[in-house]
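A.B. asks: Dumping the structure here so I can ask a few things about it.
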């Protein structure tokens, strides 16, 4: 596990700001699930991990045997939480939301039901720091897919990870792309190679063979990967 940096991370600050806002609005602390929902943390164990760090650093006090047993601690100057709130707001200003529109198979091509890319609510999305994205890309060109399968594990793309895609309809050799095989109504995530009169879709898993397409006209490039978001809690 990577060593935690000293001080407050943007996520720590976001949790602190939410704790203060919720307490002021409701008159009592939020639940673990509510904290996770607000900060886009799907795992309650990860929320508890961040709360434990905040407790160790003296920002909160917790009562393990009491429901919603989280108490904020202010320093003598009373500016701690306001500073955290301001920092969290600044961090939020730097976040952009990328729509999470469906699933992509990283394995053998598999049929995709017509509803797959509309499975997620239109308002669903993931928050990403703008600095992590290619500066030249327009946000309306980006979308996200959740990966199923392990054909790209040597490219550090595992089952359950999220890939941020840029909408393109052509690919260069060696790019990781989402491919739609039109004649089969199948989709897959692979490295793309144009080789003379055929297309090779190369997995990044030594136990799997490449997919050779003799008729390039059936290969439709749907987008290329610009960012991979690892789901560490599933590791």
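A.B. asks: Which FRET efficiency, nearest 0.05, do residue 220 and residue 139 yield, Cβ-Cβ r, R0 25 Å?
C.D. replies: Using R0 = 25 Å, I get an efficiency of 0.60.
A.B. asks: Please order 156, 208, 165 by the number of other Cβ within 10 Å, starting at the fewest.
C.D. replies: 156, 208, 165
A.B. asks: Give the calculated FRET efficiency between residue 61 and residue 159 to the nearest 0.05, with a Förster radius of 41 Å applied to their Cβ-Cβ distance.
C.D. replies: Plugging the Cβ-Cβ distance into 1/(1 + (r/R0)^6) gives 0.60.
A.B. asks: Assuming a viscosity of 1.567 mPa s and a temperature of 4 °C, what translational diffusion coefficient in µm² per second does Stokes-Einstein assign to segment 172-226, Rh being the Kirkwood radius over Cα pairs?
C.D. replies: On the way: Rh = 11.2 Å.
The estimated diffusion coefficient comes to 115 µm²/s.
A.B. asks: If I take R0 = 35 Å and measure r between the Cβ atoms of residue 228 and residue 28 in this structure, what FRET efficiency does the formula 1/(1 + (r/R0)^6) give, to the nearest 0.05?
C.D. replies: For residue 228 and residue 28, the calculated efficiency is 0.35.
A.B. asks: Moving to a separate point now. Stretched out fully, how many nm does the piece from residue 9 to residue 183 gain, at 0.36 nm a residue minus the Cα gap?
C.D. replies: The span from residue 9 to residue 183 would gain 57.8 nm if fully extended.
A.B. asks: Could you tell me the relative contact order of segment 140-235? Use alpha-carbon pairs under 8 Å, at least six residues apart, and round to a whole percent.
C.D. replies: The value is 33 percent.
A.B. asks: Can you give me the C-alpha center-to-center distance between segment 156-235 and segment 23-66, rounded to a whole angstrom?
C.D. replies: Taking the Cα centre of segment 23-66 as reference, the centre of segment 156-235 is 39 Å away.
A.B. asks: What is the order of 26, 224, fewest Cβ neighbours within 10 Å to most?
C.D. replies: Lowest to highest Cβ neighbour count: 26, 224.
A.B. asks: By counting other Cβ atoms within 10 Å of each Cβ, how are 192, 18 ranked from fewest to most? Don't skip to the end; give the middle numbers.
C.D. replies: Numbers: 192 21, 18 18.
The order, fewest Cβ neighbours first, is 18, 192.
A.B. asks: Follow-up question, since we're still on this one. Give me the percent relative contact order of segment 12-69, please, defined on Cα pairs under 8 angstrom at least 6 residues apart.
C.D. replies: Relative contact order of segment 12-69: 30 percent.
No lab work stands behind these numbers, since they all come straight from the coordinates. Just so you know, these numbers come straight off a predicted model, no measurement behind them. Don't worry about glycine lacking a Cβ; one is built from the backbone with ideal geometry, like all the others, and counts go over all protein chains shown.
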